[in-house]
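Below is one structure, written out as structure tokens; the observations come after it.
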Amino acid sequence: MDPEIQKMREVALVYLDRSGGLQKFVHDCRRYNDSKQSYAVYRFIISINPSDIAELDATLGNYILHNPLQAAQIFQSVCFIAIKTLSLIEQLQTEAQISILLKPTHLPPLPSYVLSLSAYPFNYTSQRFYMSEGIAIAMGTVTKYTQGARFLCTEETCPFSEGRFRYIRVHCPGATESATVRTDFVCSLCSSPLQEDMKFRVLGDKQIVEMIDAKVLNALKGYSNDKSHFRIQAFTVFLRDELANKMTIGNHYRIIGIPACVQNGLQATACIEVNSVQLCKPNGPSFLSDNFKYLLSLTSSSCWRFTAVLANIFASQVVPPGTYNTLKLAILLSLVQTCEKENADYLDLLIVTSDTLVIDRLLNYSLCLLPRGIRHPPSSEIFPSVSKDKHGTGSASIQACSAVLAKGGVCYIGDLSSYKKDKLELLQSVLESRTTTVFIPGKKYGEEADQQVTISLQTNFWSFVDVDSSSKKHIQKENFLIGQMDMSLIPANLVDVFGLLIYNEFPSCRLSSPLVHHILKKAINPEAMLYEVSQQFRTQDYEEFILFAKNLHVELSSEAENLIQGYYLASRRVRRDSIHGSTLSASALKILISLSKAHTKLSLRQTVLEEDALIAILLLESSLTLKHGTSALCVAPNSVFPFDLSDENSLQQRDIYLMQCHHQLLKFIAAYGPGIHITTNEE
């Protein structure tokens, strides 16, 4: 025996003993032995820490990293000797029956261990471990594959025709089912054909997943400052046995595996046999720029000023400061209410406009402030769909979509009036439940029974409706209430499930002079910085600000909670008719809480105050007025921004106006709230 191989076996045994792997191995052996059943293959998983094993023996550490299949044979020999010496599995006969899967905990943080399909060359022939990252964009159903099989000689007089486990086939990385179980094997003793002993076939679970480089998210944004060009290609990964169903469609994962090339007829597909899967968590809170900190200190005298200035100067690369302030505030509130948690506080926006070009640019720009801001392309599906797996298995594969890729971010679906009735009904269902169900017919995809897969959609939705398009396609109603808009183009139930309905400019949709000048100057010089504030608060600064603000944990104060509940109950009493009852949906309370928390995050605070609740109530009341007409509260259409914010005096006037709104709100609650008493501080 090669002395180097013998030394590596000794080191492998020492490592298993020190790492606790030997104890786990003995436990797994007992499980096989207690079953009293003979298997063609006994499968063992061994966790390997490359750093620890390289300290013990550099040769074995290098062997594991660069020749994992041969390294597995070393551990196979060690395990076989241990089983025979300690009599761990009575049924085991030959070393070939042991299948070892090495699972590295990590790989060295060096470029040579990183595999990317967006970079050349793609070395799929090396048969060694690589690390790769990507987003799961398609997932197949779990099917069976052959882990191992026993073959017997067909010649009855041959010693290998029965009894012994002489001929064992074990699955190798990248091997297809037809490669593992073939019909052209011959006996090495008598050259007769071999035949599989079906009683000893060992089956395992297999799942095929399509992944793509996370750079694809940049390509799916509507607007980007990044002018670099790169190649993006999806790659196939195989999840086997304990790794099946370890991935969720739309999530970002880091995987370690062995690349291979799978032949399917005339087509060759690059793939990775995965050994370990790790979920990549989003970046934590970043730091605020000095300019934002200074602005926060300047506006600390009022709970409303910081967010007012923030909205006033936001997106100055796209629209002039001071324009579309209500819409820009709503966008910022929606941006900070994005996360990947279940049952999160979502904030969807539906904008009514006649300036579709300007609004489209503004929303596209805002998407880029999030890692997962997706502009839905009209040619694809918004929600997941099912297709036949392209790797020849005939099973179903669930394809991701814009809403899934926007997980923890925003999905901008464009003009709502361009979608057909069935798509709008599906969108309404998703906005109500934040889930969608994919139906997989069993007959079509080779399954015995039909399946239904429910997928969670953790994203905010943005859309707009063109007022001019609505007036052209539909005859306007005549029985409008005061303040109500014609939304006959969109189903009323769908309008209700959007968190906020916003009319972009009051009282007119005509382009303002500053906006016209801005558009003309940008057309002449797209890269020009037209305002000093654009240099002080860059797009990158806003990205960091949103990332910091969205990760703040906020809680409702009792005062804010009482104000929200008082307004909600009073509004339910006021907004009702004799036929349909209250026109205020049950989701309005959730929207109010979400808006209040968002304003608190945007103000960089962690406790929701009455001032935050007031802004939320004014925004929602304006939205309800557009949907159902004005109520007894009777807020102005531009109640959040009643004045142009040009100097400190205008900010002071706005504070006084909002305090008057607060006093008016308390009167409304006292008059219409059923038995609600809210204490007020008299100045």
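Measure nothing fancy, just the Cα-based angle from helix 3-19's long axis to the longest principal axis of the chain, in degrees from 0 to 90, nearest 10.
50
With axes computed from alpha carbons, what is the tilt in degrees of helix 325-336 against the longest principal axis of the chain, rounded to the nearest 10 within 0 to 90?
30
As an exercise, identify the GluC sites (Glu not before Pro) in the range 372-447 lying in DSSP coil whose Cβ has no more than 16 other Cβ atoms within 10 Å.
Taking the range 372-447 and a limit of 16 other Cβ atoms within 10 Å, the loop GluC sites (Glu not before Pro) found are Glu381, Glu447.
How many angstrom separate the Cα center of the range 162-184 from the Cα center of the range 547-607?
63
Could you pull out the GluC sites (Glu not before Pro) across the range 108-215 that fall in loop regions by DSSP (anything but H, G, I, E, B) with no more than 16 other Cβ atoms inside 10 Å?
Here the sparse-neighbourhood loop sites are Glu155, Glu156, Glu162.
Enter the angle in degrees (range 0 to 90, nearest 10) between the Cα long axis of helix 588-602 and the first principal axis of the Cα atoms of the chain, meaning the one along which they spread out most.
90
Which is farthest toward the positive dipole end of the chain among Ser534, Thr180, Ser585, measuring Cα position about the Cα centre, with Cβ charges +1 (Lys, Arg) and -1 (Asp, Glu)?
Of the candidates, Thr180 comes out farthest on the positive side.
What are the aspartates and glutamates whose alpha-carbon lies under 18 Å from the alpha-carbon of Lys444, with same-chain residues fewer than 8 places away excluded?
Candidates past the 8-residue exclusion: Asp389.
If you build the Cα gyration tensor of the chain and take the root of 5 times each eigenvalue, what three semi-axes come out, in whole angstrom, biggest first?
Semi-axes, largest first: 61, 27, 24 Å.
Taking only protein heavy atoms and a 1.4 Å probe, what accessible area per residue, in Å², does the range 109-280 have with all protein chains in place?
Computed with neighbouring chains in place, this is 49 Å² per residue.
Using alpha-carbon positions, what is the distance between the centroids of the range 405-463 and the range 36-56, in Å?
42
Determine, for the range 268-411, the count of lysine pairs separated by eight or more sequence positions (or lying on different chains) whose alpha-carbon distance falls under 29 Å.
Value for the range 268-411: 11.
With +1 assigned to the C-beta of every Lys and Arg and -1 to the C-beta of every Asp and Glu, and no other charges, what is the dipole magnitude of the range 109-280 about the Cα centre in debye, to the nearest 20?
Rounded to the nearest 20 debye, it is 400 debye.
Would you work out the charge dipole size for the chain about its Cα centre, treating the Cβ of every Lys and Arg as +1 and the Cβ of every Asp and Glu as -1, and quote it to the nearest 20 debye?
So the dipole magnitude of the chain works out to roughly 940 debye.
Taking the DSSP beta bridges in the range 109-280 as the whole, what percent of them are antiparallel, to the nearest 5?
90
Compute the relative contact order of the range 1-105 as a whole-number percentage, counting only Cα pairs closer than 8 Å that sit 6 or more residues apart in sequence.
40
How many percent of DSSP beta bridges within the chain run antiparallel, rounded to 5?
65
How big is Rg to Rh over the range 109-280, alpha-carbon atoms, Rh as the Kirkwood inverse-mean-distance radius?
With Rh from the inverse mean 1/r over Cα pairs, Rg/Rh is 1.11.
Given the C-alpha centroids of the range 510-544 and the range 271-337, what is the distance between them in whole angstrom?
After rounding, the separation between the Cα centres reads 17 Å.
The values are calculated or read from the model by the stated rules, or taken from the named source; none is laboratory data. A quick note: this is a predicted structure, and the numbers were derived from the prediction, not measured. Every residue, glycine among them, receives a Cβ derived from its backbone with ideal geometry; neighbour counts consider all protein chains shown. Side chains included, ligands, DNA and RNA excluded: accessible areas come from the protein's heavy atoms. Shrake-Rupley method; radii C 1.70, N 1.55, O 1.52, S 1.80 Å.
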